[in-house]
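The values are calculated or read from the model by the stated rules, or taken from the named source; none is laboratory data. Source: prediction; values computed, not measured. Glycine also receives a Cβ, built like all others from the backbone with ideal geometry; neighbour counts cover every protein chain displayed.
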Amino acid sequence: MDVVFLIGRILFVALFLASATAHLTDKGAMAGYAESRGVRPARPAVLVTGAQMLLGGLSVLLGVWMDVGAILLGLFTLLTAVLMHGFWKEKEPMSRQQEQTQFFKDTALTGASLMLLFLVWELGDATPLTITDPLFDVG
């Protein structure tokens, strides 16, 4: 069953690692989009969130302080949902629907991050296929 946990981790972080790559390699376009959604200063925010997704994704993937990785990813998705996908601000129905879909995708990923955080804290050093124990001892 340990391999199922590993496969889940790989599938979970694939989105974050791909997004981190886009944030760090296509900073101009990403900053332009962030600025169009009201995020200022956009370029530093893109760099910080790119690093946040990269570090969080690698942490979960490799099993190094997975609690820290889950926190980084959960904070990213929660803030992205609220700051970037405020569907309630949209007047045009198609845009509203698209932003609502993105908002709920991000809140679902926040929920998955919280479940991962709980699991890692609950299992502690028994978390399968990890390199390190959780950084924070909450037990």
For segment 30-41, enumerate the residues that are crowded, with 19+ Cβ neighbours inside 10 Å and small (G, A, S). A31, A34
W121 - would you say it is out of contact with any strand residue (DSSP E or B) (no Cβ under 7 Å at 6 or more places or on another chain), of a type in the set (F, W, Y) and closer than 28 Å to V138 by Cβ? yes
Give me the helices (runs of 4 or more DSSP H) completely within segment 1-114, filtered to those with at least 2 residues that are more than 10 Å from the chain's Cα centre (by Cα), in contact (Cβ under 8 Å) with a residue 40 or more places away in the chain and closer than 22 Å to A126 by Cα, ordered by residue number. 2-25, 42-62, 66-84
If only one of I131, I71 is of a type in the set (A, V, I, L, M, F, W, C), surrounded by 14 or more Cβ atoms within 10 Å (Cβ to Cβ) and touching a Leu at 6+ places or on another chain (Cβ under 8 Å), which one is it? I71
Condition check for F136: in a helix (DSSP H, G or I) and either over 13 Å from the mean Cα position of the chain (by Cα) or under 30 Å from A42 (Cβ atoms) (or both): no
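Matching residues to (1) out of contact with any Leu (no Cβ under 7 Å at 6 or more places or on another chain); (2) surrounded by fewer than 21 Cβ atoms within 10 Å (Cβ to Cβ); (3) at pLDDT 95 or above:
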{"position": "V48", "(1), (2), (3)": "yes, yes, yes"}
{"position": "A51", "(1), (2), (3)": "yes, yes, yes"}
{"position": "T77", "(1), (2), (3)": "no, no, yes"}
{"position": "T80", "(1), (2), (3)": "yes, no, yes"}
{"position": "H85", "(1), (2), (3)": "yes, no, yes"}
{"position": "E92", "(1), (2), (3)": "yes, yes, yes"}
{"position": "F103", "(1), (2), (3)": "yes, yes, yes"}
{"position": "T107", "(1), (2), (3)": "yes, yes, yes"}
When segment 115-128 is examined, which residues are found to be surrounded by 13 or more Cβ atoms within 10 Å (Cβ to Cβ), part of a helix (DSSP H, G or I) and not β-branched (V, I, T)? L116, L117, F118, L119, W121, L123, G124
